[in-house]
1. Please go through the range 436-478 and pick out each residue that is touching a Lys or Arg at 6+ places or on another chain (Cβ under 9 Å), in a strand (DSSP E or B) and either farther than 21 Å from S425 by Cβ or open to solvent by 20 Å² or more (accessible area, probe 1.4 Å) (or both).
2. For the range 362-397, give me each residue that is closer than 28 Å to S285 by Cα and outside any strand (DSSP E or B).
3. Looking at the range 393-402, can you tell me whether even one residue there is open to solvent by less than 40 Å² (accessible area, probe 1.4 Å) and of a type in the set (D, E)?
4. Are any of the residues in the range 157-173 loosely packed, with under 13 Cβ neighbours inside 10 Å, part of a helix (DSSP H, G or I), modelled with pLDDT under 75 and polar (S, T, N, Q)?
5. Just name the residue that is modelled with the highest pLDDT out of those in the range 422-432 that are open to solvent by 50 Å² or more (accessible area, probe 1.4 Å) and over 14 Å from S475 (Cβ atoms).
6. Do you know which residues across the range 135-156 are loosely packed, with under 13 Cβ neighbours inside 10 Å and of a type outside the set (D, E, K, R)?
7. Report whether or not E225 is loosely packed, with under 11 Cβ neighbours inside 10 Å, acidic (D, E) and part of a helix (DSSP H, G or I).
Amino acid sequence: MRFSLFEILTHSSVFSSVEHIIRRMTKVTPEVDNEMQMQAVLSVSADASFTSNKFPKYKLGPDNQILDEATMDSKGPPLKEIVAQETDQLSEQHERLSVRDLASKFDKNLSAAAKLSDEAKLREVASLEGHVLLKKLRDALEYLRGRLAGRNKEDVEKAISMVEALAVKLTQNEGELIQEKFEVKKLANFLKQASEDAKKLVNQERSFACAEIESAKAVVRRIGEALVEQERVSLTSGKQEMEEMVEEIQQARRIRLMHQPCKVMDMEHELRALRLQIQEKSAFSVKLQQELLLKKLTEENKLSLYSLGDSGNLGSILRLQPSSEEAMELSKCSIQWFRLSSQCSRRELISGANKSVYAPEPYDVGRILQVDIISNGQKSTVTTTSPIQPAVGLESYVESLSRKSNSEFSVVISQMNGRNYSSHSAHLLRVGKMRMKLSKGWITKARDAYSSTSMQLCGFRGGGNLAGKSLFWQSRKGQSFVLVFESERERNAAIVLARRHALDCNVVLAGPDDQASLYLL
């Protein structure tokens, strides 16, 4: 008698055992499984969805291969994709999250990874029970195959092949579960390390923030103390300034009441008179100092072996003469003339004045002249007894000439370029406001403007009887003249007038090596 597989399975004793085995295979701890799936969903992501919690349906393919039936009610990707998606989201949100939020996120993901690890352990237990149940089912089917024959036996064998295929499928699922477990463990370790790093960053930032807060508090405290101190000082200084101002106002009122305008004018007159007296006293003091210096120089002249035989006036000639029998001849001595400054504090060398005769020029007016005589290694010094006095009427003569555009003087050339000039014919020296010109008739000997930097003009310093009438003029470099005028007044007037015109052109016209400013009448 042949029985179908369904009839065999519906047998009371066999049906109860097989039903019990299948129920345990299809629903392994349903409460735990549902709870694990719900926890996994909540711990991994709010929008993650998993497959159905029902036992999958299979069908046999060619060569007894078990094929999964397509399920239309799939509600989400597998766990691996969910973990990868969560990792990408964490990487994207890393730059936007603060350190505290990142640490909180890592802690949440770490707890989710721990829950996934626990779920994996429960699945391992469920997988082990599945293998046990499949083995029992196979043993039961082997037992039935031994007792049945014919077509029922074939059905049992087909069921045994399905059970074996289910075992293979279960083994494959276990391999995938182990891989997922490894990845979950790896992710858990990563999240744990990241959580520790985040906590370290949080603690470090917290310490930095605390230090900055303390520093800011200290700065605020110091600023507050400084403001309080400044306010206190300002109040004290304000009171003091107010008191001083009140005192000054009262003093000004007392002065105003005591002194009337007439008294103030009297005080101003007294101050003016005192200033005049001080100026007179200072001038008198300077005069006394000069007199003392002159007296001292006069005493030195008495002790000297030489003396000056003429008075020191502009237009005269100073001649050096021996005043003792012990004095050597002047031709055998070395002579050099000097000017003393207005305070007689220093001496100025008169370049080229190395003869026993010297004619003072307008530059020497108001100065004391001094001459050194060196003979046999001994130096004797002779000084004028008074400063050089100006010539009478020279100033008015110069003023009359300065009104003209050009002033002409009749001169004779004594030397030209350092050599004696043989012709003693008269020439015309024209002193203009812009230039000087020396000519004879229509022949021009020299003509140069005052702007020439090499132009020099001074009294002749070479000595001789005509030294008071002679003038040295260097028109340009390499061209010089010694001109003899008709009188000392014309020579001095020409010098003063040329220097005035040159000064109007911003040029100082002086002799060789002269350093001081010119003296103009």
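The values are calculated or read from the model by the stated rules, or taken from the named source; none is laboratory data. Bear in mind the structure is a predicted one, so any value in this text is a computation, not a measurement. Every residue, glycine among them, receives a Cβ derived from its backbone with ideal geometry; neighbour counts consider all protein chains shown. When the accessible area is computed, the model is the full protein with side chains, heavy atoms only, and any ligands, DNA or RNA have been set aside. Shrake-Rupley method; radii C 1.70, N 1.55, O 1.52, S 1.80 Å.
1. K437, T444, K445, R447, D448, A449, L457, G459, F472
2. Within the range 362-397, P362, Y363, D364, G366, R367, T384, T385, S386, P387, P390, A391, V392 qualify.
3. Looking through the range 393-402, none of the residues is open to solvent by less than 40 Å² (accessible area, probe 1.4 Å) and of a type in the set (D, E).
4. Checking the range 157-173: not a single residue is loosely packed, with under 13 Cβ neighbours inside 10 Å, part of a helix (DSSP H, G or I), modelled with pLDDT under 75 and polar (S, T, N, Q).
5. That would be L428.
6. Those that are loosely packed, with under 13 Cβ neighbours inside 10 Å and of a type outside the set (D, E, K, R): Y143, G146, A149, G150.
7. Here the answer is yes, as E225 does meet what is asked.
Listed here are the residues, each with its yes/no results for (1) more than 17 Å from Q415 (Cα to Cα); (2) more than 55 Å from the chain's Cα centre (by Cα); (3) hydroxyl-bearing (S, T, Y).
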residue: G462; (1), (2), (3): no, yes, no
residue: K469; (1), (2), (3): no, yes, no
residue: Q479; (1), (2), (3): no, yes, no
residue: V484; (1), (2), (3): no, yes, no
residue: E488; (1), (2), (3): yes, yes, no
residue: R499; (1), (2), (3): yes, no, no
residue: L503; (1), (2), (3): yes, no, no
residue: V507; (1), (2), (3): yes, no, no
